[in-house]
């Protein structure tokens, strides 16, 4: 019997998508990042292109249950709130240019992953003007600290939110913020990791209750589609196919891919399987490496 899935994966390998979400040593939480080594890894894998989307995080976190991993660069303010080290724009751009010269056969883009850009419009505008990024991802990483409250400047990383609220409410609060971000005037084209809270879903909470969360996911996806944002298929954990179906049903026109690599060996992880899934949902690749995969005519999302 012909293994159609294997054939589909083999066909996708020939058109391996660009890895559009990659971090190097210039991201404060990537102590093992290495831009040059990552580019060499891309060449070895046969990746056509990658974007170094360095972190721009401007929301300080109240550290609670989960400490910052060793090696991350940041500082705590007088109130004990942690903020990652600011991006060294000049150093990032200088190293990027050197890599572009060293790897002429690889398309290398500059980029940013901006946390909650709708909360920090002035600061975001300044950094975007300085970097002139070719790929801008917007992500939600913070939720209000229910003990302090946002009015007092208290926020926690989404993973810490599970220690403060029921698991379903954490995901709902996250998706509500994603919706607000997508409907804002924040300068970004790609919505990053819409399934981010699921990375931290507590084992004790049982299986993810998709039926309870469906309306919240759909609302965020509809907001992103209406604003003509592009959905990222982040492969750090596999995106549930139902989310891609909802994106198609919401009128979403395009997707891009990102491994969210923070070290060279993580580059390109899961891209083959993700590309096969995206293809099965009716999205087709563009002619150039960084073109988003767009929905094909007359195709419906797989269920």
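Every number in this text was worked out from the coordinates using simple rules, so none of it is lab data. Keep in mind that this is a model prediction, so the values were computed, not measured. Counting neighbours? That spans all protein chains shown, and the Cβs are built from the backbone with ideal geometry, glycine included.
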Fill in the blank from the handout: Two pseudo-spin positions, 7 Å from Cα along C-beta at residue 125 and at residue 102, lie apart in nanometres by 3.7 nm
Handout entry: Computed lengthening from residue 73 to residue 294, 0.36 nm per intervening residue step minus Cα-Cα distance
Key = 75.8 nm
Exercise for the section: Could you grab the relative contact order for the chain? Cα pairs under 8 Å, six or more apart, rounded to a whole percent. Expected result: 21 percent
Handout entry: Label selected from (i) 15.4; (ii) 13.6; (iii) 16.5, the criterion being mean projected area of the Cα convex hull in nm² as computed here
Key = (iii)
Fill in the blank from the handout: Contact order relative to length for the stretch 242-303, counting C-alpha pairs under 8 Å separated by 6 or more residues, stands in percent at 40 percent
Handout entry: Residues 279, 24 arranged by fewest to most Cβ contacts within 10 Å
Key = 279, 24
Practice task
Order by neighbour count: 53, 235, fewest other Cβ atoms within 10 Å first, most last.
Solution key: 235, 53
Problem - Highest to lowest packing among 198-204, 30-36, 170-176, 42-48, scored as the average C-beta count within 10 Å - result: 170-176, 30-36, 42-48, 198-204
Exercise for the section: Quick one: compute the contact order of the stretch 133-243, relative version, from alpha carbon pairs under 8 angstrom and 6+ residues apart, as a percent. Expected result: 30 percent
Handout entry: By average C-beta atoms within 10 angstrom, highest first, the peptides 214-221, 154-161
Key = 154-161, 214-221
Problem - Helix-derived mean residue ellipticity, 222 nm - over the chain, DSSP H n ≥ 4, -39500 (n - 2.57), to 500 - result: -10500 deg cm²/dmol
Exercise for the section: Treating each Cα of the stretch 12-137 as an identical point scatterer and ignoring solvent, apply the Debye formula and state log10 I(q)/I(0) at q = 0.16 Å⁻¹. Expected result: -0.82
